[in-house]
Each structure stands twice: as structure tokens, then as C-alpha cells.
Amino acid sequence: RLYAATGVLAVLSHRRSRSARKPHIVMFLSDDHGLGFAGCYGNKAIQTPNIDALAREGMRFTNMFTASPTCVPSRSVLYTGLYPARNGAMANHSVCKLDIKSLPFYLKTLSYRVVLADKIHVKPKEVFDFEYIKATLPPDPSQPRRYRDEGLDTKIVDEFLAAHAKSKARLPRGSSVGQAEQPLCMILADNSPHVIWEYNKTYDPAKLPIPPYMVDTAKTRIGLANYYQDITTMDKRIGEVMISLKKYGYEDNTLFIYTSDQGPEWPHCKWTVYDTGLRTPFIARWPGKVKPGTTCDAMISFVDITPTFIDIAGGPLLRDLDGRSFLDVLLGKTKTFRDKIFASHTGDGTMNVFPQRCVRDKRYKYVLNLRPENTWTTHFTKVEGIPNSHKDIWDSWLEKAKTDTNTAKLLDIIQHHPAEELYDTKTDPYELNNIADKPESKLILDKMRSELKQ
């Protein structure tokens with residue numbers, strides 16, 4: 001069984017601790033940051049200088065997919081290496097099974113200090129036995145929040161890194177590797193750019209590009225500018241963390257990753273298995289290991305992250321995990337990884353009840369809707385009382401649809417779904433043209449339907 005590997009992990013940890021200096025692993029995990037909303041991913045309107053600098057200094061992944069487009073299932077997959085149906089956290093705000101293991105268990109056994117700062121959003125604590133740091137900025141009276149706290153407090157992160165580095169420095173020369181010299185695995189889980197977005201103070205809403213899955217209204221533009229602002233403010237915190245890492249001597253021996261848990265809280269994105277909900281930015285900087293300024297098009301899933309961290313830490317390949325290590329991709333030894341990815345969305349209490357399952361290869365995406373009779377709704381379409389956000393924006397779309405046929409067609413695509421959908425992501429990257437009922441699609445549909453069922 002999988003957990004019989006504990007002894008092997010311990011033995012390998014002991015051998016490696018005596019013969020090699022293990023790398024630190026720091027992952028900055030934002031919340032609801034879509035792939036198309038960063039300069040290094042082709043958006044010329046947004047200001048993300050620190051994310052863009054990471055891309056110049058490391059490897060930019062173009063096909064990283066979360067396994068679920070909602071917070072708890074996505075993070076649970078990331079930390080366990082198991083799909084939602086196996087770890088138990090299928091719906092948002094649900095709880096993982098008590099008999100599974102997670103990242104802290106695996107890496108602690110391999111001598112790591114495993115820390116989670118700011119946003120947690122996984123349960124139960126017995127499974128996710130991180131060292132938790134309350135590193136959340138205090139509430140800002142000028143910026144009312146709903147559904148989230150303020151962002152990551154980088155001063156607290158700085159103090160933690162300083163203390164960890166100082167404790168290492170006090171070890172006498174010749175000492176064996178001990179607690180103070182532990183390699184660090186640190187997850188910095190920021191609350192941005194989750195709603196409610198920061199008020200815009202940087203962008204001209206009239207100049208922002210409107211993606212094809214949004215309706216161009218005045219309220220959309222104001223809301224989108226707020227979303228951009230939240231990303232830009234979060235990007236500043238990434239820069240502050242990088243300064244701290246360099247200041248305390250972590251920079252050269254640290255794998256630093258920037259990614260996000262899922263796509264943005266806009267219709268046809270979060271809470272759906274379309275690429276706009278699943279595909280996330282992912283950038284890895286590792287001096288001397290990852291070639292700077294490179295781009296990786298390999299298909300990789302969040303289910304592969306924990307196995308990769310175990311591999312980097314010197315642990316064995318655990319065959320009972322759903323994911324596998326993509327360390328060779330990071331090191332530039334191979335350019336391919338998965339030939340398909342799987343993902344699921346189940347629900348969010350009484351909200352967002354439109355369960356979907358999907359399989360995607362390099363070109364095609366097959367979506368199975370378990371309740372096609374349901375009209376698609378989410379917080380975005382139902383939550384009232386937030387100016388230039390959620391239902392306030394959605395109502396402006398409904399109003400425009402009364403007189404604009406293109407808007408009416410888009411809203412029909414967003415709200416109504418047949419049992420099966422099939423998309424050619426090469427010609428239709430936003431998945432707005434369902435070809436499941438086309439005769440020429442039958443062979444592809446049959447193949448992908450079988451893959452998903454299996």
C-alpha cells in the first residue's frame with residue numbers, strides 16, 4: 001500500500017540530508033487569476049511586472065490545468081495528488097477523507113519544514129497538517145470586502161524568512177543537519193484577486209480589451225478594471241516576497257513557483273470546466289536548474305504538483321497517487337508529459353449547482369453535463385448589492401441582450417448546456433461553439449466519451 005512507503009521516505013531523507021543540500025520550495029498561490037490576465041501571457045493592457053520578470057527568469061507553462069475550477073477541490077488536489085473523487089473534496093467547502101495523506105506528511109518525512117501562510121481553505125486539519133502562519137493584511141476600511149479577507153501580509157512572511165535564516169546561521173560548523181537547517185516548503189496563499197475586487201486606481205476602463213466570453217457594457221468595464229487592479233496589487237506582493245527571499249539568502253537554492261487555484265469569477269470561467277476556468281498561469285524559477293526565459297507547452301495537471309514536490313525533495317515515486325512527477329519537464333529533459341487531462345466541477349452548497357466532468361487532449365475538449373436540465377447560475381448571476389460586480393454586471397448583460405442578438409446568443413451559450421459538449425480548442429479557444437452534434441465529430445466524441453467514462 002501507498003503509506004507503507006513511509007519507511008522508504010525516511011531512509012531516503014536520512015541519506016540525502018547527509019549528502020546533498022535540498023532545495024527550498026516556495027509557491028505563491030493566488031486566488032482566481034485567469035491565464036489571460038498577465039503581461040507574460042499576452043495581455044498588453046495589464047500591469048504585472050513581477051510575474052513578467054519571473055517568466056523572463058524561469059519557465060512559463062501554457063498548459064497547466066487545475067483539476068477542479070473551485071477553491072477547495074482545486075487546493076485539495078494540489079496538496080494530495082489525488083482527484084476530487086478519490087480525496088473526497090468534490091464540492092466547494094467540502095472535506096477530504098480522514099484516511100488520506102497530503103503534502104505536509106510527505107515532505108515532513110523528507111526533513112522539510114512545511115508552511116502554509118494566509119488562506120487555508122482545505123479540511124480537515126488532521127489531513128493538512130501544515131505549520132500555519134496567519135499572514136493576512138488587516139481589513140481596509142476604505143475597501144469593503146465580501147467573500148474574502150485582505151491579501152497576503154508580506155511583512156509577516158519577511159519576518160518568518162528572517163527567523164528561519166537566523167536559526168540556520170547559529171549552527172556550529174560541522175554540525176549534522178538538524179531542525180534549524182531544515183529545507184523549507186512554503187505555500188504563500190494570497191486572497192487576491194478573488195472577489196470583492198479592489199477599487200480601480202490604475203486603469204482606464206474604456207481601454208481594456210473585452211474577452212469574447214464577456215459582454216461589453218459600462219458596468220463590465222468598471223468591474224474588469226477592478227479585477228485588473230486586484231491582480232496588479234497582488235503582483236506587487238510577489239515582488240516583495242522575492243526581495244525577502246534574496247535578502248535572507250534563499251534565492252539561489254529555491255524553486256519559486258507562481259500559480260493560481262483556478263480561473264476568474266466571471267461567467268464561463270470559475271465553476272465551469274472550460275479552459276477559462278481550469279487553465280492557470282504557472283511559472284517556475286529555479287536558478288541553475290530551470291532555464292531562464294523558456295516556455296513549456298506540455299499538458300500538466302494540479303494533481304501532478306505534490307508528486308513533483310516529493311521528487312524534488314528526494315522521495316520515491318508513490319504509485320497510488322493519481323498524479324506523477326513532472327520534474328524532468330522542469331529540468332528541460334523532456335517537452336511532453338500528459339496526453340490528456342481530466343477535471344470536474346460538482347457544486348458549491350446550494351449555489352453553482354451545474355455539475356460537469358471533462359477530458360481534454362491537446363486539441364479537443366469533451367464535457368459531460370450531469371444535470372443538463374439546470375439553467376447555469378452562480379454567485380455572479382445571483383449575488384445582489386455589490387456595485388459593478390456580480391448581479392449588477394449580469395443585469396447589464398441581460399438588458400443588452402434584449403436588443404443585441406450577439407449578446408443574446410452568448411447568454412444562451414452561458415446559461416444552457418446539453419448533456420454533451422465537444423470543442424475544438426484550436427479553432428475555438430474560448431469553447432463557445434459546441435460541435436458535439438456534428439456528424440464529422442462522431443469518432444472524436446465516441447473516443448473521448450469512452451476515455452471519460454473509463
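Among the residues of region 200-224, those identified as more than 18 Å from GLU399 (Cα to Cα) and open to solvent by less than 40 Å² (accessible area, probe 1.4 Å) are TYR203, PRO205, LEU208, PRO211, LEU224. The residue that is most open to solvent (accessible area, probe 1.4 Å), counting only those in region 359-409 that are of a type in the set (Lys, Arg) and free of Cβ contacts under 8 Å to residues at least 12 places away in the same chain, is LYS402. The C-beta contact set for region 136-156 (first residue among the polar types (S, T, N, Q) and outside any loop (DSSP other than H, G, I, E, B), second residue open to solvent by 80 Å² or more (accessible area, probe 1.4 Å) and at pLDDT below 95, distance under 7 angstrom, 6+ apart or interchain) comprises THR136/ASP149. If you take the residues of region 328-358 that are open to solvent by 30 Å² or more (accessible area, probe 1.4 Å), part of a loop (DSSP other than H, G, I, E, B) and in contact (Cβ under 8 Å) with a residue 40 or more places away in the chain, which of them is nearest to GLU420 (Cα to Cα)? Applying the filter and picking the extreme gives THR346. Put simply, of LYS44, LYS22 the only residue that is touching a helix residue (DSSP H, G or I) at 6+ places or on another chain (Cβ under 9 Å), open to solvent by 10 Å² or more (accessible area, probe 1.4 Å), over 28 Å from LYS340 (Cα atoms) and assigned to a loop (DSSP other than H, G, I, E, B) is LYS22. Candidates ILE305, ILE283, ILE257, ILE310: the one that is more than 17 Å from the chain's Cα centre (by Cα), aliphatic (A, V, I, L, M) and either farther than 25 Å from LEU432 by Cβ or in a loop (DSSP other than H, G, I, E, B) (or both) is ILE310. Filtering region 190-199 to residues that are within 20 Å of the chain's Cα centre (by Cα) and surrounded by fewer than 22 Cβ atoms within 10 Å (Cβ to Cβ) leaves only ILE196. Look at (1) open to solvent by 10 Å² or more (accessible area, probe 1.4 Å); (2) of a type in the set (S, T, N, Q); (3) within 20 Å of PHE37 (Cα to Cα) and you find that SER74 fails only one, number (1). Could you go through region 95-105 and let me know if any residue there is touching a helix residue (DSSP H, G or I) at 6+ places or on another chain (Cβ under 7 Å), under 29 Å from HIS268 (Cβ atoms) and either crowded, with 17+ Cβ neighbours inside 10 Å or among the aromatic types (Phe, Trp, Tyr) (or both). Yes: region 95-105 contains one or more residues that are touching a helix residue (DSSP H, G or I) at 6+ places or on another chain (Cβ under 7 Å), under 29 Å from HIS268 (Cβ atoms) and either crowded, with 17+ Cβ neighbours inside 10 Å or among the aromatic types (Phe, Trp, Tyr) (or both).
The values are calculated or read from the model by the stated rules, or taken from the named source; none is laboratory data. Since this is a predicted model, take the numbers as computed values, not measurements. Cβ: placed from backbone, ideal geometry, glycine included. Neighbour counts: every protein chain shown. Only protein heavy atoms, including side chains, enter the accessible area calculation; ligands, DNA and RNA are left aside. Shrake-Rupley method; radii C 1.70, N 1.55, O 1.52, S 1.80 Å.
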